[in-house]
1. Just to be sure, is A:Ile440 more than 14 Å from every other protein chain (Cβ to nearest Cβ), part of a strand (DSSP E or B), touching a residue at least 60 places away in the same chain (Cβ under 8 Å) and touching an Asp or Glu at 6+ places or on another chain (Cβ under 9 Å)?
2. When residues of the range A:1-60 are filtered for being assigned to a loop (DSSP other than H, G, I, E, B) and either out of contact with any helix residue (DSSP H, G or I) (no Cβ under 9 Å at 6 or more places or on another chain) or closer than 30 Å to A:Glu304 by Cβ (or both), how many remain?
3. For A:Val32, all conditions in the list (1) within 14 Å of chain B (Cβ to nearest Cβ); (2) modelled with pLDDT of 90 or more hold save one; what is the number of the exception?
4. Quick one: which strands (runs of 3 or more DSSP E) sit completely within the range A:513-586 and have at least 2 residues that are of a type in the set (A, V, I, L, M, F, W, C) and under 16 Å from the mean Cα position of the chain (by Cα)?
5. Filter the range B:491-511 for residues that are surrounded by fewer than 21 Cβ atoms within 10 Å (Cβ to Cβ) and charged (D, E, K, R); which is nearest to the chain's Cα centre (by Cα)?
6. Could you check, for the range A:416-430, whether at least one of its residues is small (Gly, Ala, Ser), under 30 Å from A:Val522 (Cβ atoms) and assigned to a loop (DSSP other than H, G, I, E, B)?
7. Could you grab me the full set of residues in the range B:217-249 that are assigned to a strand (DSSP E or B) and either surrounded by fewer than 23 Cβ atoms within 10 Å (Cβ to Cβ) or among the charged types (D, E, K, R) (or both)?
2 protein chains.
Amino acid sequence: MPLGQRAGDKSDSRYCGVEVLDFPAGDGLPAVLTHSLSSAFDFLLAPLVDPDYRPTPGAVLPVAASDLVLSPSQWSSHIVGKISEWIDLDSEDEQLRLDSELTLKQEIAWATHLSLQACVIPPPKRSTCANYARVVNNILQGLTNMQLWLRIPLEKSESMDEDHDKSETVDSWEWWNSFRLLCEHSSQLYVALDILSSLPSMNSLGRWFGEPVRAAILQTDAFLTNARGYPCLSKRHQTLLTGFFNHSVQVIISGRSNHNVSQVSEGVLSRDENHTEDTPTQHALSPYLDYMAYLYQRMDPLPEQERFEINYRDFLQSPLQPLMDNLEAQTYETFEKDTVKYTQYQRAIAKALVDKVSDDEVSTTRTVLMVVGAGRGPLVRASLQAAEETGRMLKVYAVEKNPNAVITLHSLIKLEGWESMVTIISSDMRCWDAPEKADILVSELLGSFGDNELSPECLDGAQRFLKPDGISIPSSYTSFIQPVTASKLHNDIKAHKDIAHFETAYVVKLHRVARLAPPQEVFSFAHPNFSPKATNQRYTKLQFELPQDTGSCLVHGFAGYFDAVLYKDVHLGIEPNTCTPNMFSWFPIFFPLRKPIYVPSESPIEVHFWRCCGATKVWYEWALVAPSPSPIHNSNGRSYWVGL
Amino acid sequence: MPLGQRAGDKSDSRYCGVEVLDFPAGDGLPAVLTHSLSSAFDFLLAPLVDPDYRPTPGAVLPVAASDLVLSPSQWSSHIVGKISEWIDLDSEDEQLRLDSELTLKQEIAWATHLSLQACVIPPPKRSTCANYARVVNNILQGLTNMQLWLRIPLEKSESMDEDHDKSETVDSWEWWNSFRLLCEHSSQLYVALDILSSLPSMNSLGRWFGEPVRAAILQTDAFLTNARGYPCLSKRHQTLLTGFFNHSVQVIISGRSNHNVSQVSEGVLSRDENHTEDTPTQHALSPYLDYMAYLYQRMDPLPEQERFEINYRDFLQSPLQPLMDNLEAQTYETFEKDTVKYTQYQRAIAKALVDKVSDDEVSTTRTVLMVVGAGRGPLVRASLQAAEETGRMLKVYAVEKNPNAVITLHSLIKLEGWESMVTIISSDMRCWDAPEKADILVSELLGSFGDNELSPECLDGAQRFLKPDGISIPSSYTSFIQPVTASKLHNDIKAHKDIAHFETAYVVKLHRVARLAPPQEVFSFAHPNFSPKATNQRYTKLQFELPQDTGSCLVHGFAGYFDAVLYKDVHLGIEPNTCTPNMFSWFPIFFPLRKPIYVPSESPIEVHFWRCCGATKVWYEWALVAPSPSPIHNSNGRSYWVGL
């Protein structure tokens, strides 16, 4: 039974499991499962094989239960396998090492036979775990559907400021990082984090939100006791758990009960009463589950916008090419619904009209406004509304290159009776021979990264018919980037098995991502720009410093945003610190790195970005310089470009 | 509203559309749509652009309706675009040709803008239609989601037997075939068949079931009138329509009403009363729709087995490799449920036991029976039941190579109390050193093509421990093939863009397939075979004659089946003419051809099949010899093989 109904949340974080500490053989497993499900847990993390088993020739594997005692759907929906914890693939003892390898493979084979969705494999027993990783990597090559969750205790000792001796600090993220690098970022290898009573700094915890964490195994020892004797969590633990819920991580309760709050005796998981399966006692860990459900239900409901976009989370899309391709009616329909955006445009146009035409002149002066890239007309509407609002007279030219949108524009003008005010021009703004010059040029040509849909090139072409003192709305725009950990995006790109997809920028609603440092400005453009030396080529170097207590991390690429000044103080954008609320026309952009870069604790990240212009296309190139150089990505625009 | 509720049928054939003959401009289209939907039609086939339009510079396309008059989902769910019928891309008149090309492209661009699912393009105006195909092929390259349905009248004149002058016979399938060959089997090009009052022979109609027919456009002129004045169809038309329903083809009613059976006046589709949109009159074509619904609902409900398998229709699966891979619990679970199969085995084993042990010997003779490939034990159970049924004493060895299945076998034996009768052997049958010899060897190692899961090689390995007079169950098996048209399967394989996938055999539930000739035997194997010259290599040539009235056709590959003699008269199989009813363990197999072969009317098809054996693998090679040679497929097993 899910932790609660959070409107619109369809992620795994609704589900809560329980770890089975003892080895329930034979009928024990079905009984434990029934008891746990009836106590509102959703699944078990359960041992599959007798932990006393060691391989001997000809022996039959002493499994917890025959595959027949549960149905195939029970096995796959309700059991996560727990691999024997004694295995030690990096022991100096060769026999133990060989026994461990054989047992691990036998247990995984059995779990595969049962079609389990996942197995938890024990934490590395030491910091060098190359042989463990080798065997797991071998196994991963043969798995088709099952996932392996590597168990990692969530711990990081803080180094003293004056004493930078790294060798003495422990950071379990480093174990995970070595393991997954050895396993080549396998897309079926995940993390299960053991949450203990003490927690590292928030900045270091934040790293995990970009890692493939599937489960947070919450130890009963991590709980405090409230005034009424019930289990609760510290504020910092609460914040962490809420973070997990928001990043689709499911919780597993583990440990012995320290809070025997109910009158009924403890359930089957209590060591003392292992055989009372049939009495409908409360589960010993129910108070902890109740507290989890309380935390889950206490969260704010997902905003409506977020619910709409939930299926886009971490889903990579190629950016639109509105210049080369014609948008479809559905695309126009979607973007036209973004009322916040058009309200901002209307405010900007109104301010510009008032600046252009003083109150004395309203009856004598008619402003010439050109909407370049008019689409199906939303900016024409916003312009006419701004004119009405300010009492200014307007002559509008609506310039649009998509002949299908022009058909709609004609219907609109007729329907609204705008024939006297609006002239429709079916042409690319870069070639149009305008009959007069404009006072105001209004456009919406911005992509997620600002200039990436070639607004600069289009407006350069259009400013031919802007008066020398004319206004462009937007008047300027700036792109931003920040380094991120984003293992899911990396694996999705890797699945294409080529370099081209790693040299492409994607539009994506970032979700399972760790943002490692505040965004910084990349490229800026201002319009109009009549300077004869004006160019749209750009080159920027940026240096990012991570907070000192973050620890080391892995950077998979850069998240990109934009902010635009429409006119004076009216802006529009998606840069996280200044973004316009409730606007949905743009997701962030993501620039991947071909090879994720390890950033040691306290090392700065230096990245270079280029915007390059050719005769028929515009493209970006990017490269990391520190902590270690990457190849130049997308050299000559070989993999990704925007057509002119 | 669907034609009716046919339990389990989720195919498109539930939906019935109506062709809009006139050009309803402006608000006409929404009104016609509302009226048609309220009259229980599901969609319209409607003209998008004024048929009087001819391209002129600067003109705005005179569309039926602005994109705004219907919602995006209405456009895509309820409107199939009808491209202007005047276009003629192969006219001698150059201006007409150029106007046609421009108009076709503009109309398709508009339909794309509206996100329509499909457009119907007019029938070729003459038998040479290369320029039409070229322009359509150009367009298809740029389409991502929309389909084009080429309208083709369903006609074929029969040639006189004595007069084989082909030039005088008309077969519209030939138009379609040329067109799709020119368009390189584009997966977005489909057929819409116009059903007229006279129909060609059933054999020639059967060809279309393997072609990508999306719609049958049923002309009102094709209807007869029943005693009460209502429209009905001839028996042959009824059979054809039922065939379409069963092959997921949807019907579109077209034409003027010839049956004014209701008292109310005709609806908006009647030319005379085009402006009565608001009166809730019955749709002029409703009597035809009612008859379609009657035909649809009259069909037998889909059998339960068919409902289970509906999602597997035409879905290509790689055959299992049970020898190299270990099956999973779910796979065992599924196959163990096939009670018909195990009942046949039990019958065969019972007969063999009675033959081995006469009634006088039942108390003194114990038969040694070995189940080789025991899996989780279903054949062990069938053997013990046969022994009980016949009163024979049995000693069973259950030999199984999958250690996970062996775990289950141990549980089963214990659970059932069979310890005294059954010995479990965890070993590959080919290496087992048996302590005694068997009277009966029971196995289920057959694939869809009989020997394709290497039953011959496994049983050769096992017959070492069969007594010279011992019995193998099955005692023999034979594979079968027949040539098929299967454009969907061809396109699915083509999507992989390599040769290897065209040299692979697939397990597939054949659905949209035309079976062109009766199946013929390919390879046979009998067990035991103690001959020192025995080999499992095979080579067979087959010649298929198509019925004389079929006409020409395209062969995409061969459907394969098997039949097995378990013991004496007890058989088991999927060969269509003799198949065991209600058995679901096997779908047919499909051997594709890299390039589909055109078979002219009355030409025989000659195909050669090889079964080849190497040290580590077994594979098939195949090739067409007539009507024209294909390359040898899968030479040296380079693309597809079964591991030993």
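The values are calculated or read from the model by the stated rules, or taken from the named source; none is laboratory data. Being a predicted model, the structure only gives us computed values, none of them experimental. Counting neighbours? That spans all protein chains shown, and the Cβs are built from the backbone with ideal geometry, glycine included.
1. Here the answer is no, as A:Ile440 does not meet what is asked.
2. Final tally of qualifying residues: 23.
3. It is condition (1) that A:Val32 fails.
4. Working: elements: A:520-526, A:538-544, A:553-567, A:570-573.
Those strands (runs of 3 or more DSSP E) span A:553-567.
5. B:Lys509
6. Quick first cut of the range A:416-430, residues small (Gly, Ala, Ser) only: A:417, A:420, A:426-427.
Next cut, under 30 Å from A:Val522 (Cβ atoms) only: none.
Within the range A:416-430, none of the residues are small (Gly, Ala, Ser), under 30 Å from A:Val522 (Cβ atoms) and assigned to a loop (DSSP other than H, G, I, E, B).
7. Those that are assigned to a strand (DSSP E or B) and either surrounded by fewer than 23 Cβ atoms within 10 Å (Cβ to Cβ) or among the charged types (D, E, K, R) (or both): B:Gln219, B:Leu224, B:Thr225, B:Pro231, B:Cys232.
A quick yes/no check of all residues on (1) within 29 Å of the chain's Cα centre (by Cα); (2) modelled with pLDDT under 95:
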position	(1), (2)
A:Gly81	yes, no
A:Trp86	no, no
A:Gln95	no, yes
A:Arg134	no, yes
